[in-house]
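A.B. asks: Please find one structure pasted underneath; my questions will follow.
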2 protein chains.
Amino acid sequence: MEKILYGNAVVGQSGGPTAAINATLAGVIIGAKEAKKKGIINNLFGMRNGVEGLLDERLVNLSEEFEDDADIDTLIHTPAAALGSCRKKLPKAGENDAIYERLLEIFKKNDIRYFFYIGGNDSMDTVAKLGAYMEKNSYEMRIIGVPKTIDNDLDVTDHTPGYGSAAKYIATTVAEIVRDCAVYTVPAVTVVEIMGRDAGWLTAASSLAKFAGGAPDYIYLPEQSFDMNSFFADVRAALDRHPNVVIAISEGIRFADGTYVGASATKDVFGHNQLSGAGKILENALKQEIGCKVRSVELNISQRCASHIASKTDLDESVEVGKTAVEKAIDGISGHMMTILRKDSEEYQSFVSSSPVAEIANKVKSVFDNFINADGNYVTDECISYLRPLIMGEAYPSYENGVPKQYIIK
Amino acid sequence: MEKILYGNAVVGQSGGPTAAINATLAGVIIGAKEAKKKGIINNLFGMRNGVEGLLDERLVNLSEEFEDDADIDTLIHTPAAALGSCRKKLPKAGENDAIYERLLEIFKKNDIRYFFYIGGNDSMDTVAKLGAYMEKNSYEMRIIGVPKTIDNDLDVTDHTPGYGSAAKYIATTVAEIVRDCAVYTVPAVTVVEIMGRDAGWLTAASSLAKFAGGAPDYIYLPEQSFDMNSFFADVRAALDRHPNVVIAISEGIRFADGTYVGASATKDVFGHNQLSGAGKILENALKQEIGCKVRSVELNISQRCASHIASKTDLDESVEVGKTAVEKAIDGISGHMMTILRKDSEEYQSFVSSSPVAEIANKVKSVFDNFINADGNYVTDECISYLRPLIMGEAYPSYENGVPKQYIIK
């Protein structure tokens with residue numbers, strides 16, 4: 001047991017929004033509230049727009065802002081980063097020490113001894129660099145990275161906070177699209193383009209639509225190289241089985257030579273190159289090759305902000321991860337990223353742990369080989385068993401005037 | 001009071017799917033069940049794929065299929081047409097009487113005395129033509145059109161079943177997108193393209209996002225001609241106010257000369273013309289003109305099939321409309337379209353009525369002039385007051401394995 005550090009804490013959010021990043025923030029707020037009762041953490045400050053705002057000392061006192069537990073509950077169900085976000089990466093050690101000196105000055109001035117950073121890979125990098133600098137300069141501080149990413153591509157952790165809600169949105173929406181496509185008798189293909197530049201976890205979640213009554217006919221992930229002729233053969237085989245074919249693809253599918261399917265350029269009326277999505281490219285390719293009715297649908301940003309259909313499992317775990325981060329930091333842990341690990345039990349159970357950031361940062365976890373079928377055009381039952389628990393349970397927001405209530409930090 | 005007709009009934013669904021078209025079907029099933037108890041309607045048949053399937057006598061006995069009320073409840077929350085749909089229009093009287101003769105033969109053979117057709121404008125046209133033929137040929141029958149369209153563009157009725165759920169999806173999704181856009185400090189414009197080729201009702205619903213904490217900065221409807229220079233000026237003014245600008249546009253916005261903004265063609269790598277959506281066109285125009293970060297988002301087919309966030313008001317009314325259609329038909333009404341009328345009360349209240357199809361069919365109800373502001377770039381408070389009650393209440397489906405349960409007719 002390390003010695004207890006007394007002082008203030010600061011929390012920030014970084015990178016792209018998710019439906020669960022505020023649930024994790026709420027967890028940190030809850031953890032800090034409990035630590036305040038014990039007299040350990042005095043105030044929890046929020047940095048606006050991550051380290052970018054921290055450098056300008058744009059801080060908000062979250063201990064005061066969230067005195068009311070009802071507000072914390074509303075925050076849990078509010079999508080996107082309530083504190084604002086940034087894409088700033090800290091410089092390499094020795095490259096621009098002025099930034100680190102400035103941060104140290106702000107920490108000292110505000111008596112900040114705890115630093116929680118909720119984000120993806122870049123944020124874990126920030127945690128590692130900041131930890132190294134403070135240690136070198138003997139400023140006692142606990143620095144913890146709290147993961148969030150809809151992409152589910154971080155290592156060590158079984159899955160990432162934010163992924164389950166995105167997966168639930170995708171599974172539900174694809175199930176609804178499959179139903180929508182089933183109404184006509186005319187042969188038609190619908191290509192659904194799902195987020196995921198390098199990892200296919202989000203697209204794999206479309207397979208869960210099968211529990212609603214209709215999954216896509218084929219699922220193509222970036223982990224497998226994409227072959228146009230095999231694709232045409234697959235679609236023809238599906239059209240032989242039924243008239244309404246639905247295909248799920250990752251935006252990041254690539255040909256064998258490594259080029260993105262979606263990188264094929266189109267030109268606008270002025271002759272400017274315009275990047276089309278992979279879905280649009282395949283739509284046009286199918287129209288030319290097969291000649292049937294084809295449309296493509298891009299699920300777009302709702303995948304990361306559709307809080308109205310968040311996974312209860314995801315939001316509960318996201319809160320727990322934030323809360324445990326505070327507890328671990330008080331216990332002396334620093335330079336770690338929080339993880340969610342799966343128990344080896346019949347029914348799904350998880351617990352929160354942590355690992356040194358250095359073991360995790362800057363690695364990408366791809367969809368496992370045994371999660372993809374031999375033909376590279378669907379996921380396996382093993383994959384579905386892994387995915388299913390993550391979307392379980394509904395975490396509905398409160399509604400006012402017919403729309404979800406959102407918490408906006410003043 | 002007309003004389004009571006004893007016999008069987010048939011119901012069909014036609015046109016594009018909605019999140020409420022099965023709620024109306026459920027209403028007809030409930031109405032027929034009650035009529036069966038009274039010994040009036042014996043069996044309710046469902047025509048698969050509308051009149052297209054009826055002509056092939058592809059019928060399913062819904063009285064047997066839906067003996068269990070729990071199945072009716074699941075049906076209410078299932079998107080898209082459970083019976084399948086079609087886009088078939090009946091020929092003009094005298095043009096191809098063989099089709100009408102065939103229908104009469106099927107009605108006689110199956111003792112069908114009640115015909116309910118759930119659909120949009122084309123379906124009301126079918127109702128009118130069929131009614132005229134059966135009357136001319138002295139076949140006693142009651143024929144009722146039951147409206148459904150997310151577009152809300154039918155006349156006489158205050159609003160259409162299916163619209164409220166689409167509007168709730170749009171308001172909620174736009175609120176989430178506004179939150180998502182608010183996280184960064186870099187100036188950026190997001191253009192959200194919403195369905196509605198000729199009427200702006202769906203796009204107008206984006207204004208309801210204001211109740212969640214953030215509405216679009218501007219809303220452009222097809223009812224007003226679109227001017228690119230005014231648009232640039234609007235966006236510049238919004239960027240002066242805050243960095244994160246959100247614009248809602250109808251897919252059907254048009255320039256003063258009547259051409260669709262979205263009709264501007266782009267060319268793919270093979271030199272083929274490709275129609276871009278209005279959102280994509282404005283995205284590129286803003287990039288060139290203002291040079292800031294711009295993206296466009298197409299809400300796409302979820303607008304018509306997102307049952308997971310259906311409006312309770314809409315689903316309740318949709319069931320009621322179907323149920324009342326059966327009651328009215330038994331009472332002797334024929335050749336009518338069901339309508340929903342709004343009571344002149346402080347709190348929103350509605351009731352179901354009907355009007356002769358001929359008064360309604362083939363007319364388009366545009367967004368009223370007093371619902372659009374003088375600058376033509378937003379809706380008025382009067383519009384918001386009209387819209388708000390239609391998205392009230394949540395009608396959640398049951399979930400199994402993390403995804404909504406759907407009823408699929410075998």
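A.B. asks: By how many degrees, between 0 and 90 and to the nearest 10, does the Cα long axis of helix A:312-330 differ from the longest principal axis of chain A?
C.D. replies: So the inclination is approximately 30 degrees.
A.B. asks: Among A:307-315, B:241-249, B:72-80, B:53-61, what's the highest-first ranking by average C-beta atoms within 10 angstrom per residue?
C.D. replies: Numbers: A:307-315: 26.3, B:241-249: 21.8, B:72-80: 23.6, B:53-61: 17.1.
Output ranking for A:307-315, B:241-249, B:72-80, B:53-61: A:307-315, B:72-80, B:241-249, B:53-61.
A.B. asks: Is there a simple number for the mean count of other chain Cβ atoms within 10 Å of the Cβ of residues in B:388-397, and what is it? Walk me through the numbers before you get to the answer.
C.D. replies: Details: counts 3, 2, 1, 4, 4, 2, 7, 0, 3, 3.
Neighbouring Cβ atoms belonging to other protein chains average 3 per residue here.
A.B. asks: Now for a separate question. Assign unit charges at the C-beta atoms only (+1 for Lys and Arg, -1 for Asp and Glu), then state the dipole size of segment A:165-303 relative to its Cα centre in Debye, rounded to the nearest 20. The partial results should precede the final answer.
C.D. replies: On the way: 12 positive and 15 negative charges, 55 e Å.
With Lys and Arg at +1 and Asp and Glu at -1, about 260 debye.
A.B. asks: How far, in degrees from 0 to 90, does helix A:278-289 lean away from the longest principal axis of the Cα atoms of chain A, to the nearest 10?
C.D. replies: Helix A:278-289 and the main axis of chain A meet at about 0 degrees.
A.B. asks: Using modelled amide H (1.01 Å from N, peptide plane; none on Pro or chain starts), what sits under 5 Å from the amide H of A:Ile112, excluding residues fewer than 5 places away?
C.D. replies: Distant-sequence amide H within range of A:Ile112: A:Asn8.
A.B. asks: Between the label point of A:Asp198 and that of the same position in each other copy, find the distances and list them shortest first in nm, with every label point placed 7 Å from Cα along the Cα-to-C-beta direction.
C.D. replies: Distances between equivalent label points, in nm: 5.0.
A.B. asks: Related question: Output the 0 to 90 degree angle, nearest 10, between the alpha-carbon long axis of helix B:121-136 and the longest principal axis computed from the alpha carbons of chain B.
C.D. replies: It works out to around 20 degrees.
A.B. asks: For the protein assembly as shown, what percent of Cα pairs sit more than 48 Å apart?
C.D. replies: 23 percent
A.B. asks: Could you tell me the relative contact order of segment A:165-303? Use alpha-carbon pairs under 8 Å, at least six residues apart, and round to a whole percent.
C.D. replies: Numbers: 277 pairs, mean separation 42.6, N = 139.
Relative contact order for segment A:165-303 comes out at 31 percent.
A.B. asks: Using the Karplus curve 6.51 cos²θ - 1.76 cosθ + 1.60 with θ = phi - 60°, work out ³J(HN,Hα) for each residue of segment B:230-239 in order, rounded to whole Hz, and write x for Gly and Pro.
C.D. replies: Calculated HN-Hα couplings, in order: 4, 4, 4, 5, 4, 5, 4, 5, 5, 5 Hz.
A.B. asks: What does the average come to when, for each residue of peptide A:296-304, you count the partner chain Cβ atoms lying within 10 Å of its Cβ?
C.D. replies: 5
A.B. asks: Compare the Cα positions of B:Phe116, B:Leu59, A:Val245 along the charge dipole of the protein assembly as shown (+1 at Cβ of Lys, Arg; -1 at Cβ of Asp, Glu; about the Cα centre) and return the one farthest towards the positive end.
C.D. replies: Most positive-ward Cα: A:Val245.
A.B. asks: For label points placed 7 Å from Cα toward Cβ, what is the shortest-first list of nm distances from B:Tyr348 to its copies?
C.D. replies: Nearest first, the other copies' label points are 3.5 nm away.
A.B. asks: Taking the Cβ-Cβ separation of A:Phe232 and A:Asn42 as r and a Förster radius of 41 Å, what is the calculated FRET efficiency to the nearest 0.05?
C.D. replies: 0.05
A.B. asks: Using unit Cβ charges (K, R positive; D, E negative) and no other charged atoms, how large, in debye to the nearest 20, is the dipole of the protein assembly as shown about its Cα centre? Provide the component values of the computation, followed by the final result.
C.D. replies: Working: 84 positive and 112 negative charges, 90 e Å.
Here the protein assembly as shown has a charge dipole of around 440 debye.
A.B. asks: Give the Rg/Rh ratio for segment B:163-305, taking Rg as the radius of gyration of the Cα atoms and Rh as the Kirkwood radius, to two decimals.
C.D. replies: Result: Rg/Rh = 0.96.
A.B. asks: Let me ask another. I'd like the Kirkwood hydrodynamic radius of segment A:255-401, using the inverse of the mean 1/r over distinct C-alpha pairs, in Å.
C.D. replies: 20.0 Å
A.B. asks: Any chance you could list P(r) for segment A:333-410, counting all Cα-Cα pairs in 10 angstrom bins from zero, rounded to whole %?
C.D. replies: 13, 25, 31, 24, 7, 0
A.B. asks: Moving on. Pick from A:Gly50, A:Gly31, A:Gly291 the residue whose mean-square fluctuation is largest in a GNM of chain A, springs joining Cα atoms under 10 Å.
C.D. replies: Among A:Gly50, A:Gly31, A:Gly291, the largest GNM mean-square fluctuation belongs to A:Gly291.
A.B. asks: Percent antiparallel among DSSP beta bridges with both residues in the protein assembly as shown, to the nearest 5?
C.D. replies: Antiparallel bridges make up about 35 percent of those DSSP assigns within the protein assembly as shown.
A.B. asks: Based only on the alpha carbon positions, what is the Kirkwood hydrodynamic radius of chain B, in angstrom? Each step should come with its number before you reach the end.
C.D. replies: Details: mean 1/r = 0.0446 Å⁻¹.
Final number for the Kirkwood radius of chain B is 22.4 Å.
A.B. asks: Nearest 5 is fine: what % of DSSP beta bridges in segment A:165-303 come out antiparallel, could you say? Show your work: numbers first, answer last.
C.D. replies: On the way: 4 of 21 bridges.
Close to 20 percent.
A.B. asks: Would you mind giving the mean number of other chain beta-carbons within 10 Å of the Cβ of each residue in B:71-83, as a whole number?
C.D. replies: Per residue, the number of nearby Cβ atoms from other chains is 2 on average.
A.B. asks: Going by amide H atoms built from the backbone, whose H comes under 5 Å of the H on B:Met337, apart from near neighbours?
C.D. replies: Excluding prolines and chain starts, which carry no amide H, the hits are B:Gly145, B:Ser355, B:Val357.
A.B. asks: Right, next: Determine, for each peptide in A:167-173, B:165-171, B:278-284, A:381-387, the mean count of other beta carbons within 10 angstrom over its residues, then list the peptides with the highest first. List each step's numbers first, then the result.
C.D. replies: On the way: A:167-173: 28.6, B:165-171: 30.1, B:278-284: 24.3, A:381-387: 17.0.
In decreasing order of mean packing, A:167-173, B:165-171, B:278-284, A:381-387 become B:165-171, A:167-173, B:278-284, A:381-387.
A.B. asks: Among B:Phe255, B:Tyr184, B:Ala166, which residue has its Cα positioned farthest towards the positive end of the charge dipole of segment B:163-305, with +1 placed on the Cβ of Lys and Arg, -1 on the Cβ of Asp and Glu, and the dipole taken about the Cα centre?
C.D. replies: It is B:Tyr184, whose Cα lies furthest towards the positive end.
A.B. asks: Explain nothing, just compute: Karplus ³J(HN,Hα) = 6.51 cos²θ - 1.76 cosθ + 1.60, θ = phi - 60°, for every residue of segment A:338-354 in order, whole Hz, x for Gly and Pro.
C.D. replies: 6, 10, 10, 10, 9, 6, 7, 10, 4, 7, 4, 9, 10, 9, 8, 9, 8
A.B. asks: Farthest toward the dipole's positive end in chain B, which of B:Ser85, B:Val367, B:Cys305, given Cβ charges of +1 (Lys, Arg) and -1 (Asp, Glu) about the Cα centre?
C.D. replies: The Cα lying farthest towards the positive end belongs to B:Ser85.
A.B. asks: Now for a different question. Report the charge-dipole magnitude of chain A in Debye, nearest 20, computed about the Cα centre from +1 at each Lys and Arg Cβ and -1 at each Asp and Glu Cβ.
C.D. replies: Value, rounded to 20: 660 debye.
Each reported figure results from applying straightforward, stated rules to the coordinates on display, with no laboratory input. Just so we're clear, the structure is a prediction, and the values are computed from it rather than from any experiment. A quick note on method: Cβ atoms are made from the backbone with ideal geometry, for glycine too, and the neighbour counts reach across all protein chains shown.
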